[in-house]
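Okay, structure first, notes after.
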Amino acid sequence: MNSTLPALALLPALLCSGCALPKVAPWERGTLAKPQMALDPDGLDAALKRHTAASKEAASGGYGVGGGGCGCN
Amino acid sequence: MAATKTGPARLAAFTAAALALPGMVPRVQAEGLDPEIDTAFSRYEESDGRMRVDVYQAVAASPVGDRWNIKANGVKDVVSGASPVAYGLSRGQPVQIRSRASIRDVRDEVDLGASYAFDQGTLSVDVGRSSENDYTSDFFNLDGRWDINDKLTTLAAGFGFASDQVWAVTNAGKGQHQRIPGSGGDKSTFQSLLGITQVLDKNSLLQANLTYTHGEGYLADPYKYALVVDPSPAVVCDPEYAYTLSCYTLDSRPSNRDQFNLLLRYVRDFPELNAAALHFDYRFYADTWDISAHTFEAAWHQPVYAGWVLVPHVRYYSQSAAEFYQPYFQTARSDGHYSTDYRMADFGAVGGGAQLHKEFLDRLRVAAAVDFYKREQGMGMQQGPGTALDNFTYSVFTVSLNLKF
């Protein structure tokens, strides 16, 4: 297994260490609630893209837990 | 057929991810999340007469009371075409051997999910089954999200289990298939996820996910063969014209595989650009077959005119080869593991495309999308074994409708 994995696993912690994130009040979250700000604004499209890529590549997963294997050619 | 462990249309996970977004969670409780139906048709087509797949997807979701949300999801893949089976040698050079253009398969997947929204998060469960004439998968997923820090931070934990059966069939004609006795086997897959989503400011957020997947059982491909020029001292293959069956062994891989992913996702709104949004994802993958991979994706959501939104996207992917992969093998391996599956090779891929969508009357959303993908030996960040014979391209055209009631 690639030795860079442990280092990369620490990345989120490093990104947030020392961060003083500003407070965002509920009434300031209108932008974050917009459809285009969802992590996957189009769930079907995202699912199809990931399924297709995973059937042609060795890497898969990362976005969530989910079963349903396939015999993709 | 290869055992790919990501399923299609796992809307439970994706819906839960969207709902976990700080600021999105109240949508379930306060607005009740109107009943809705999503449908999509996609045509996937590979270059050079390889695979073609027509994909039909449909999802129906509805709130039940104040806190429950249920959904049913169905997918049908209609597959036809040819697929690489092995490599031969012609005058010392590898040549690709494909199945005849006789692959005909239909995959049906159905899954049912339910989510419960409590004051500080959501819990989701999803069960389903996917079946083909040579593959079945039964799966079960649990997903929990917890909001903390005034809902500026969301923690996520997930667990998934899948029990699959894989075998090979022969085409008996008239759409009938016969199972090849002794081919394939069973496998089990366990998945786990830990994640955090953090609002960075009123215009941006960051998500980090760590996932670990353990697979065990039959993890090889019952349709693929590896050429071993010198399989044993007792069998001599002519390296110039190595087509005799005695030179080939069935694809064979370790019966265990541990996979790790680190996923970072960044979303930012640009109010000054008519509320355009940037999505950037980076995924690092590594497994115990010695494969590592990097995936970079970016999408730009640009409202253009009268509710029309254009979403161009790009993607780059790079992976290293499995330690038991070669286009063909000069010598026998002591562990007996061989694969010439192009998905186990070192390669890179670039992709891109665009989607155009518009919402009518706050109820009907229509979208059309095109997606292109180009796989190239030598385009990867690491230079390992592989062959340009495996290069191919594919395109995907999609139209979709979303209707809210």
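The values are calculated or read from the model by the stated rules, or taken from the named source; none is laboratory data. What you see is a predicted model, and the numbers here were worked out from it, not measured in a lab. Cβ: placed from backbone, ideal geometry, glycine included. Neighbour counts: every protein chain shown. These area figures cover heavy atoms from the full protein model, side chains too; ligands, DNA and RNA do not enter into them. Shrake-Rupley method; radii C 1.70, N 1.55, O 1.52, S 1.80 Å.
Worth a mention:
- Every listed requirement among (1) touching a residue at least 40 places away in the same chain (Cβ under 8 Å); (2) away from chain A (no Cβ under 13 Å) is met by B:Y305 save one, (1).
- All positions within segment B:263-284 that are at pLDDT below 95, facing chain A (nearest Cβ under 8 Å) and either part of a helix (DSSP H, G or I) or crowded, with 22+ Cβ neighbours inside 10 Å (or both): B:P271
- Residues located in segment B:162-218, provided they are open to solvent by 20 Å² or more (accessible area, probe 1.4 Å) and of a type in the set (S, T, Y): B:S163, B:T170, B:S183, B:S188, B:S192, B:Y212, B:Y218
- Test: B:F260 is under 17 Å from the mean Cα position of the chain (by Cα) and either open to solvent by 20 Å² or more (accessible area, probe 1.4 Å) or more than 10 Å from chain A (Cβ to nearest Cβ) (or both): yes
- Candidate set: segment B:157-197, residues that are in contact with a helix residue (DSSP H, G or I) (Cβ under 9 Å, 6 or more places away or on another chain) and among the hydrophobic types (A, V, I, L, M, F, W, C); chosen: the one nearest to the other protein chains (Cβ to nearest Cβ): B:L193
- Criterion: surrounded by 20 or more Cβ atoms within 10 Å (Cβ to Cβ), at pLDDT 95 or above and not in a loop (DSSP other than H, G, I, E, B) - qualifying residue of B:A367, B:A321, B:A354: B:A367
- Residue within segment B:161-178 that is farther than 20 Å from B:D341 by Cα, out of contact with any Ser or Thr (no Cβ under 9 Å at 6 or more places or on another chain) and not in a strand (DSSP E or B) present: yes
- Cβ-Cβ under 6 Å pairs, at least 6 apart or on other chains, segment B:53-70 side open to solvent by 40 Å² or more (accessible area, probe 1.4 Å), far side of a type in the set (F, W, Y): B:Y56/B:F41; B:R67/B:Y116; B:W68/B:Y116
- The residues of segment B:128-156 that are part of a strand (DSSP E or B) and either within 7 Å of chain A (Cβ to nearest Cβ) or in contact with a Leu (Cβ under 6 Å, 6 or more places away or on another chain) (or both), listed by number, are B:G128, B:S130, B:E132, B:Y135, B:S137, B:F139, B:F140, B:N141, B:D143, B:G144, B:W146.
- Taking segment B:125-136 as the range and being open to solvent by 10 Å² or more (accessible area, probe 1.4 Å) and either within 19 Å of B:G158 (Cβ to Cβ) or of a type outside the set (V, I, T) (or both) as the test, the residues that pass are B:V125, B:V127, B:G128, B:R129, B:S131, B:E132, B:N133.
- Test: residue in segment B:376-395 that is within 20 Å of A:D42 (Cβ to Cβ), open to solvent by less than 60 Å² (accessible area, probe 1.4 Å) and either part of a loop (DSSP other than H, G, I, E, B) or touching a strand residue (DSSP E or B) at 6+ places or on another chain (Cβ under 7 Å) (or both): yes
- Some residue of segment B:329-348 being open to solvent by 40 Å² or more (accessible area, probe 1.4 Å), farther than 17 Å from B:A86 by Cβ, touching a residue at least 24 places away in the same chain (Cβ under 8 Å) and within 12 Å of chain A (Cβ to nearest Cβ): no
One line per residue, one yes/no per condition, for (1) of a type in the set (K, R); (2) at pLDDT 65 or above; (3) in a helix (DSSP H, G or I); (4) crowded, with 20+ Cβ neighbours inside 10 Å:
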position: A:L5; (1), (2), (3), (4): no, no, yes, no
position: A:C19; (1), (2), (3), (4): no, no, no, no
position: A:A33; (1), (2), (3), (4): no, yes, no, no
position: A:D40; (1), (2), (3), (4): no, yes, no, yes
position: A:H51; (1), (2), (3), (4): no, yes, yes, yes
